[in-house]
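*Asks:* Sharing a structure below in structure tokens format, with a few things to ask.
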Amino acid sequence: MFRINSIFILAALSLFSGSLAAPTSHILTRDDDISLAARGVDDDWESPVYNNLFGKPLVIPNVLAPLITYTNTSTGEIFDFYEIKIQALTQQIYTGSGKQATNLVGYNGQVPGPTIKTTTGRRSVVRFVNQGTLPASVHLHGSPSRPVFDGWAEDVMEVGEYKDYVYPNHTPRTLWYHDHAVHITAVNAFFGQAASYIVYDPVQEAALGLPQDEYDIPLVIVDRTYQNNAQLVSPAGEDTSYYGDIIHVNGVPWPYFNVQPRKYRFRLLNASLSRSYKASVQTSSGSKLPLIVIATDAGYMEHPVSTNDIILGIAERYEIVIDFTNYAGQTLTMRNPRDFSRNEDFARTNYIMQFVVGNVVASTANNGPIPTDLVSLNFPVDSTSVVQRHFEFGRTNSEWRVNGIGFDDVANRILAKPVPGSVEKWELENTGGGWAHPIHIHLIDFKVLTRTGGTRGVEPYEAGFKDVVFLDENETATVIARFHPWSGQYMFHCHNLVHEDGDMMAAFDVGDTKANPTPGDIFSDPNGPTFAAQPWTGTDLTTVATVTLPYLAGLDIYPPF
């Protein structure tokens, strides 16, 4: 079994440099919202004190353009070829004496990595080249990818290798790509290997009239802890949870974002290792703005849902619309309550970012009323004949397990063998207090039917298809899903990455292809040699255009489903 016992962090490329001066009117003082006496230990800083809250502008990651586009003349399928290199970089988080530029390792030498934005039906071929410091595997989270392209934890690229991943881009949704290498996912993701991936349908977008383009903003939220010299405190060796005290959005600690007094769409992603959030946007007097939730992990809901705050479990994505029309000239703060779930609070973890609302609207395009009906969803039908399974996520002998099994237990880690195309109900149980477990099931989109054992049921904004369900301590959720469209082995696990690396991960095998390969194909075994990583000696685009893409296009990897 592949294991990593240490971490080596390199410094290389500089990342973003600020280009906007921060407004001085919205800098918080230390006693801004609550007395120090009342806050107690929550006022502690683990990192060096960060004195520039809301002093730097939000950075919007660049959208990556394909290097080559290839059309299969027989099928009409369009393949876009991208190349992303895992590279070391440095970013200046702190300034002052003794504060170094922070060492990170990100996609294309930036954190977060570049956003891939594509349309439904086009196929993406993404060549990931590992020029980083550790082995890597890449998972496109939220995609019904074939097993060989899903980022199986043992299917790693060593340093100096590359792998071509092929993605279907089946339906509109907010996805993200991140590391998934066995036992080092937390380290790789923490140091920067995470980024947004957006699939949209231009026809659908035009019909709905929701905010687009410069009014459609991804927000990737993470927390980190820094040493006195401004290098990161690594999660390597952590075996319970990692809670940082510096909140970053798109790589910037507590940024501000200048907005116009109109509607915006924000694509929220919690990319933290262990911290969950309960985000709200508030005025200076503490009034909460309505957050109109239009989409969950797997795309649009049938109807928008208005809420004053939204729980973001690790790896969950929600698309929300905020109308700033009535707040011209004001500064609004996205906040996070103290004492939520099992999070460890620090001096400023109750803040996320600020919105500085201007007085001029540059464009009124896609700024109309939000439709009451968005899409129709084909949810699986529950019945007494549906197969039911129960999975317990707990800590056994100081080790994280699923039904007492860990991913290292190769002989026993396949805990379910769904029939291809069948509907199943899975009961997911957080067996004890002290921990939250956000559970991610690869391949499928599921509907959350129930949540019991805690103080809440299914949240109204969880009404769409999802691929992560947040289990607070002692909670149990029941989800229902169709196990399609592909056969083969897939993972499911806790997305607290410390728990995942501690082996709270198991597998399911649609069609029981490991025991009986007949229902499968060359894509069903995630460790199959055909698509394994290869040594990288450079990328010749002529070869990609004339050999690689025609070969992949001829395999019919993603027939219609």
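*Asks:* Can you say whether Ser284 is out of contact with any strand residue (DSSP E or B) (no Cβ under 6 Å at 6 or more places or on another chain), in a loop (DSSP other than H, G, I, E, B) and in contact (Cβ under 8 Å) with a residue 24 or more places away in the chain, as far as the supplied structure shows?
*Replies:* yes
*Asks:* Checking the condition out of contact with any Pro (no Cβ under 8 Å at 6 or more places or on another chain), at pLDDT 95 or above and either aromatic (Phe, Trp, Tyr) or open to solvent by 10 Å² or more (accessible area, probe 1.4 Å) (or both), which residue from Pro517, Pro485, Pro460, Pro438 passes?
*Replies:* Answer to the selection: Pro460.
*Asks:* Return the pairs, sorted by first residue and then second, in which the second residue is open to solvent by 10 Å² or more (accessible area, probe 1.4 Å) and among the aromatic types (Phe, Trp, Tyr), the first residue lies in the stretch 493-507 and is within 15 Å of Gly313 (Cβ to Cβ) and assigned to a loop (DSSP other than H, G, I, E, B), the beta carbons are less than 8 Å apart, and the residues are 6+ apart or on different chains.
*Replies:* Asn496/Trp435
*Asks:* Sticking with this one: For the stretch 316-350, name all the residues that are of a type in the set (A, V, I, L, M) and in contact with a Leu (Cβ under 8 Å, 6 or more places away or on another chain).
*Replies:* Ile320, Val321, Ile322, Leu332
*Asks:* What residue, among those in the stretch 200-213 that are part of a loop (DSSP other than H, G, I, E, B) and touching a strand residue (DSSP E or B) at 6+ places or on another chain (Cβ under 9 Å), is surrounded by the most Cβ atoms within 10 Å (Cβ to Cβ)?
*Replies:* Leu210
*Asks:* Given the condition open to solvent by 10 Å² or more (accessible area, probe 1.4 Å), out of contact with any Asp or Glu (no Cβ under 7 Å at 6 or more places or on another chain), at positive phi and part of a loop (DSSP other than H, G, I, E, B), answer yes or no: does some residue in the stretch 319-337 qualify?
*Replies:* For the stretch 319-337, residues open to solvent by 10 Å² or more (accessible area, probe 1.4 Å), out of contact with any Asp or Glu (no Cβ under 7 Å at 6 or more places or on another chain), at positive phi and part of a loop (DSSP other than H, G, I, E, B): present.
*Asks:* Still on this structure, please answer the following. Is it the case, given these coordinates, that Leu64 is of a type in the set (A, V, I, L, M, F, W, C), at pLDDT 95 or above and within 26 Å of the chain's Cα centre (by Cα)?
*Replies:* yes
*Asks:* Right, something else. For the stretch 339-359, what are the residues that are open to solvent by 10 Å² or more (accessible area, probe 1.4 Å) and in a strand (DSSP E or B)?
*Replies:* Val356
*Asks:* For the stretch 67-81, give me each residue that is of a type in the set (Ser, Thr, Tyr) and either in contact with a Lys or Arg (Cβ under 7 Å, 6 or more places away or on another chain) or at pLDDT below 95 (or both).
*Replies:* Thr73, Ser74, Thr75, listed by residue number.
*Asks:* So, one more: Of everything in the stretch 214-234, what is part of a helix (DSSP H, G or I) and buried (at least 18 other Cβ atoms within 10 Å of the Cβ)? Give them in sequence order.
*Replies:* Selection gives Tyr215 alone.
*Asks:* Okay, next question. Take the residues of the stretch 463-482 that are under 19 Å from Asp509 (Cβ atoms) and among the charged types (D, E, K, R): which is least open to solvent (accessible area, probe 1.4 Å)?
*Replies:* Looking at the filtered set, the residue picked out is Asp467.
*Asks:* Being open to solvent by 10 Å² or more (accessible area, probe 1.4 Å) and on the phi > 0 side of the Ramachandran plot is true for just one of Gly96, Gly151. Which residue is that?
*Replies:* That would be Gly96, the only listed residue that is open to solvent by 10 Å² or more (accessible area, probe 1.4 Å) and on the phi > 0 side of the Ramachandran plot.
For every residue, the table says whether it meets (1) farther than 29 Å from Asn188 by Cα; (2) out of contact with any strand residue (DSSP E or B) (no Cβ under 8 Å at 6 or more places or on another chain).
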position	(1), (2)
Leu471	no, no
Asn474	yes, no
Trp486	no, no
Glu500	no, no
Met504	no, no
Asp509	no, no
Thr513	yes, no
Pro529	no, yes
Leu541	no, no
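*Asks:* Could you please find all residues in the stretch 239-261 being assigned to a loop (DSSP other than H, G, I, E, B), over 22 Å from Tyr50 (Cα atoms) and either open to solvent by less than 20 Å² (accessible area, probe 1.4 Å) or among the hydrophobic types (A, V, I, L, M, F, W, C) (or both)?
*Replies:* Ser241, Pro261
*Asks:* Name, by its number, the condition in (1) touching a residue at least 24 places away in the same chain (Cβ under 8 Å); (2) open to solvent by 20 Å² or more (accessible area, probe 1.4 Å) that does not hold for Asp179.
*Replies:* Asp179 satisfies every listed condition except (2).
*Asks:* If a residue has to be closer than 24 Å to Gly121 by Cα, without any contact (Cβ under 8 Å) to a residue 60 or more places away in the chain and open to solvent by less than 40 Å² (accessible area, probe 1.4 Å) to count, how many in the stretch 534-558 make the cut?
*Replies:* Total meeting the criteria: 0.
*Asks:* Might you let me know whether the stretch 400-416 holds any residue that is closer than 27 Å to Pro172 by Cα, among the β-branched types (Val, Ile, Thr) and at pLDDT 95 or above?
*Replies:* No, the stretch 400-416 contains no residue that is closer than 27 Å to Pro172 by Cα, among the β-branched types (Val, Ile, Thr) and at pLDDT 95 or above.
*Asks:* Here are some residues: Asp323, Asp373, Asp382, Asp339. Which one is acidic (Asp, Glu) and under 28 Å from Asn52 (Cβ atoms)?
*Replies:* Among Asp323, Asp373, Asp382, Asp339, only Asp339 is acidic (Asp, Glu) and under 28 Å from Asn52 (Cβ atoms).
The values are calculated or read from the model by the stated rules, or taken from the named source; none is laboratory data. Just so it is clear, the model here is predicted, and its values are computed rather than measured. No Cβ is skipped: glycine too gets one built from the backbone with ideal geometry, and neighbour counts run over all protein chains shown. Surface accessibility is based on the protein's heavy atoms, side chains included, excluding ligands, DNA and RNA. Shrake-Rupley method; radii C 1.70, N 1.55, O 1.52, S 1.80 Å.
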